[in-house]
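A short write-up of the structure that comes next.
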Amino acid sequence: MPAGIILFTMKLASVILDIPTQALDAPYTYRVPDDVGEGDYPIEVGCAVVVPLGARQVVGFVIELFYCAPDAIPGGLDPKKLRYIKKAVSSSYFDEEGAACAQWLSERYIAPLSACVRLFTPPGGVPRMVRAQGGYWRLEQPAIGEVDDRWVKLGPNAAEFTPRKNAVKQQQIIEALQRGELRTAELSLEFGNVASTLKSLAEKGVVEIERRRRMRGMPAAVGGVFSDDDSEAARSGGVAVMPALSEPQSGEFAGMPRRNDERSASVESEGNTPPTAAGMPLMQLTDGQAKALAAIAEACEKADGSVVLVDGVTGSGKTEVYLQAIEAVLAKGKTACVLVPEISLTPQTVARFRGRFGNQVAVMHSRMSAGERFDQWDFVRSGEARVVVGARSALFTPLRNLGLIVIDEEHEGSYKQDSSPRYHARDVAIWMAKRAGAAVVLGSATPSIESLYAAAKDPQWHQVSLPERANGKPMPKVTVIDMAAEFKGGSRSMFSKELTDALEEELAAGHKAVLLLNQRGFAKFVLCRDCGFVPSCPSCSTSLTYHERGNFLVCHHCGHKVPAPATCPECGSPYLRKFGAGTQRVEDDLHALIAGFEGVGEVPIIRMDADTTAHKGAHQRLLEEFAAAESAVLLGTQMIAKGLDFDDVTLVGVISADTQLHLPDYRAAERTFDLVEQVAGRAGRAELEGRVMVQTYEASAPAIRAAATYDRALFLRDELPKRKALGYPPYVRLANVLVWGADEEAVRSYAEKLRDEIAVRVRDYTTGNWQVFAAAPCVFAKLKNTYRWHILVKAPLDSDISQVLLPLFRARKAEASVNVAVDVDPNDLL
């Protein structure tokens, strides 16, 4: 370069427009003004900005800032045509790593980039442009944000100040403040309107008024941050007490050859009880726990995204392993994220982490209000929270210096999001850990088949077994009861004789029982015995569920609700029969059954299902009611199968173990096996022995026989050959292309056309054994008044299915009457 010539560079920003469409699914380049533009926030990575797009203005998110010479702008853009960012309208929501993760999610799961960026934004929404009256666009700020309280305390001149005789309110306020500082709201409640009085006193230096951040849902005031003492979230264990915020099985896999990965598990910790940074004594670990903790320590030391699969029976002490592993990570100045299925995120679970880590814990779950979730998210952003406990979305909180990610009950299907972006939390966690130099811990009594396969084949995965309960007690004996034989013997009750006798015996002894029914509603459906008519939802391809209380039929997909007919709407016959049994029906029959027990008084029956836990706080209230009772029965759906730890539960009964066994889904048997083994673990967790009764019409089904004997190898020997022969995970990768819309013919036609385009793409750009199946209606062919078709793509296990399909869907032009989405690595095919 000749002397004296200065190279001119431009400051540019890559901006993702907050418009969820594939047509705008690439970053746009804008110039960054020399100052903050028209806004009060600096323009930085992760902030929301207002930018011009054509003749209007839109909101976007900055994912990159860079300097560039005018002749080297990406894409060969003309520097004279580049437009300026108008202004930043928020502080930064995420950093460069968050931006990189959003881009990876968009490509891996073939999802709109704006939807992926949204995962990293705070609960309660972000700024957006809305069309106002008159047709112009205006900026609307989110309704949820920080809440400040005005606090009053005595000032430096209070001691010398003497109110006038008639200044009664001044005197009252001063006397109240002599007992301690108060909120202005509290003073107003006591003395009426105090605004002018406080202003006068403040001007004289008698009082000082300051604003302080209030954290919604907190049980107490700590370190200058104040709370809603009586909030329901505080009672439900939803939010931790927080300090003040600053600114912004064995290792076998059914005979599958596996590498020798016991090297990590063989590293023994001294005395089986590693010290804790907090200095508090820890419980004595079992050999299995010590090996698991050593394996996790080794994975953390490697700092390469290694995965430790903690394969421990229920009650084996996996949570204690997590807690001690997190303590070791915190001692090194790093942070930890703990994911728990929403269904298992009970107050008991939260209390374990808050009891160990106190004010360092942030909690995120759906039973909290949007304001409470925002405060927790902001608590994480402040850097004060060092442990985040929550459902899958907790992965995307702004947690810095990540050292460990724990995914408890890793087999749970709820870790897969069912709307765009359809990510799996396990795979996202592993990607994040590799980038951050962290480790991932997956824990379960029934690990998913995919995780077992990875542990057997992938050198970065290490499986450690905890085959015994931490208290040394045996697993409860499981008895399988053949309900078909009961029926042949003349029994018409939903409770077998064995379960009835066991229930009477345990309740008479003052013990507790848990009964599981894997469905909800009074009856599965209503059928006319004359013509065979079954009332169905007009908007969905499913039968309506009957609820006795209220005598109505409801669709549990779209909420459609109608009174139950007295006669058949088709033929007028009065012979309508209710088939199946739900929690309401079981509860009623259970009351009648217990009433006939000798020596057993009135026993509370606590029903937990989607209906009884729909309201905020109901989940904990029901569990507290069960815990407080001397003897009780907890009746519920899948939500009671895990996450509950009651010492006095001695009997677990499964009313209908085979409910989902014949669903048209390749995971049906695995889910049945998991459910039976998980719920069996609720019994006999302390000194009292437990027993389990499993009622089924499929007593010979391998999944049920294997779960009843805690024999995973038996289950895998039956299941794996079927998966391999039919071409399902873990032997192949899947992509399920979903097509839906209100016009049935348009959906069918477009699905068939799209299937042909996918087949051409696969033919031209792949090698190996790929399969593109014909377009077909989904199992639920109609939901919420939309028709649903799908196209299944199968690919070799080592193939990048997203890379092949992504260009096709990025280039696809949107259809007005048809919606399309791709579910990569789907959790089900329904």
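The values are calculated or read from the model by the stated rules, or taken from the named source; none is laboratory data. All of these numbers come straight from a predicted model, not from anything done at the bench. Neighbour counts are summed over all protein chains in view; Cβ atoms, including those assigned to glycine, are modelled from backbone coordinates with ideal geometry. Just so you know, the surface numbers come from the protein's heavy atoms only, side chains and all, with ligands and any DNA or RNA stripped out. Shrake-Rupley method; radii C 1.70, N 1.55, O 1.52, S 1.80 Å.
Scanning the stretch 355-388 for residues that are small (Gly, Ala, Ser) and crowded, with 24+ Cβ neighbours inside 10 Å, which turns out nearest to the chain's Cα centre (by Cα)? My answer is ALA362. Checked against the criterion of being in a helix (DSSP H, G or I) and either over 16 Å from ASP743 (Cα atoms) or open to solvent by less than 30 Å² (accessible area, probe 1.4 Å) (or both), the candidates VAL822, VAL793, VAL779, VAL804 yield just one match: VAL804.
Residues that are open to solvent by 50 Å² or more (accessible area, probe 1.4 Å) and part of a loop (DSSP other than H, G, I, E, B) were ranked within the stretch 9-25; the one that is farthest from PRO421 (Cα to Cα) is THR9. Screening LEU345 against (1) among the hydrophobic types (A, V, I, L, M, F, W, C); (2) open to solvent by less than 10 Å² (accessible area, probe 1.4 Å); (3) more than 23 Å from ALA439 (Cβ to Cβ) leaves a single unmet condition, (3). Taking the stated definitions as given, is SER420 of a type in the set (Gly, Ala, Ser) and open to solvent by 10 Å² or more (accessible area, probe 1.4 Å)? So SER420 fits the description; yes.
Residues of the stretch 194-210 include at least one that is in contact with a helix residue (DSSP H, G or I) (Cβ under 6 Å, 6 or more places away or on another chain), open to solvent by 50 Å² or more (accessible area, probe 1.4 Å), under 30 Å from ARG373 (Cα atoms) and aliphatic (A, V, I, L, M). Restricting attention to the stretch 105-127, the residues being among the small types (Gly, Ala, Ser), part of a loop (DSSP other than H, G, I, E, B) and at pLDDT 90 or above number 1.
When we screen ASP71, ASP95 for residues that are modelled with pLDDT under 85 and either small (Gly, Ala, Ser) or open to solvent by 30 Å² or more (accessible area, probe 1.4 Å) (or both), the only hit is ASP71. Taken as a whole, the structure places ALA234 among residues that are open to solvent by less than 30 Å² (accessible area, probe 1.4 Å) and either modelled with pLDDT under 90 or among the acidic types (Asp, Glu) (or both). Selection within the stretch 730-756: residues that are open to solvent by 10 Å² or more (accessible area, probe 1.4 Å) and touching a helix residue (DSSP H, G or I) at 6+ places or on another chain (Cβ under 7 Å). The member of this set that is nearest to LYS457 (Cα to Cα) is TYR731. Being open to solvent by less than 40 Å² (accessible area, probe 1.4 Å) and either farther than 18 Å from THR637 by Cβ or modelled with pLDDT of 80 or more (or both) is the requirement here; does SER539 meet it? Yes. Would you mind stating whether ALA683 is closer than 18 Å to LYS512 by Cβ and either assigned to a helix (DSSP H, G or I) or open to solvent by less than 10 Å² (accessible area, probe 1.4 Å) (or both)? Spelling it out, ALA683 is indeed closer than 18 Å to LYS512 by Cβ and either assigned to a helix (DSSP H, G or I) or open to solvent by less than 10 Å² (accessible area, probe 1.4 Å) (or both). For MET475, are the conditions met, namely being out of contact with any strand residue (DSSP E or B) (no Cβ under 7 Å at 6 or more places or on another chain), closer than 30 Å to ILE594 by Cβ and surrounded by 20 or more Cβ atoms within 10 Å (Cβ to Cβ)? Yes: the conditions hold for MET475. Scanning the stretch 145-163 for residues that are at pLDDT below 85 and either outside any strand (DSSP E or B) or open to solvent by 60 Å² or more (accessible area, probe 1.4 Å) (or both) returns GLY145, GLU146, ASP148. So, of the residues in the stretch 282-305 that are part of a helix (DSSP H, G or I) and charged (D, E, K, R), which turns out to be farthest from GLY355 (Cα to Cα)? Of everything passing the filter in the stretch 282-305, LYS302 is farthest from GLY355 (Cα to Cα). The residue list ALA629, ALA641 contains one member that is in contact with a Pro (Cβ under 6 Å, 6 or more places away or on another chain) and either at pLDDT below 80 or surrounded by fewer than 18 Cβ atoms within 10 Å (Cβ to Cβ) (or both), which is ALA629. Scanning the stretch 306-353 for residues that are within 30 Å of ALA610 (Cα to Cα), in a loop (DSSP other than H, G, I, E, B) and not β-branched (Val, Ile, Thr) yields GLY315, SER316, GLY317, PRO341, LEU345.
Yes or no: LYS81 surrounded by fewer than 15 Cβ atoms within 10 Å (Cβ to Cβ) and not aliphatic (A, V, I, L, M)? Here the answer is yes, as LYS81 does meet what is asked. Only one of the numbered conditions (1) surrounded by fewer than 16 Cβ atoms within 10 Å (Cβ to Cβ); (2) at negative phi is not met by ASN785, and that is (2).
Within the stretch 598-626, the set of residues being in contact with a Pro (Cβ under 9 Å, 6 or more places away or on another chain) and within 21 Å of ALA370 (Cα to Cα) comprises HIS619, GLN620. For the stretch 438-462, a residue qualifies if it is over 20 Å from the mean Cα position of the chain (by Cα) and either open to solvent by 10 Å² or more (accessible area, probe 1.4 Å) or farther than 24 Å from LYS334 by Cβ (or both), and the qualifying residues are ILE449, LEU452, TYR453, ALA454, ALA455, ALA456, LYS457, ASP458, PRO459, GLN460, TRP461. I want to confirm something. Restricting to the stretch 807-819 and keeping residues that are assigned to a loop (DSSP other than H, G, I, E, B), of a type in the set (Gly, Ala, Ser) and modelled with pLDDT under 90, which single residue is farthest from the chain's Cα centre (by Cα)? Taking the candidates together, the pick is ALA816. Only a single criterion out of (1) modelled with pLDDT of 95 or more; (2) open to solvent by less than 30 Å² (accessible area, probe 1.4 Å) is not satisfied by ALA708, namely (1).
Scanning the stretch 298-313 for residues that are open to solvent by 10 Å² or more (accessible area, probe 1.4 Å) and of a type outside the set (A, V, I, L, M, F, W, C) yields a total of 4.
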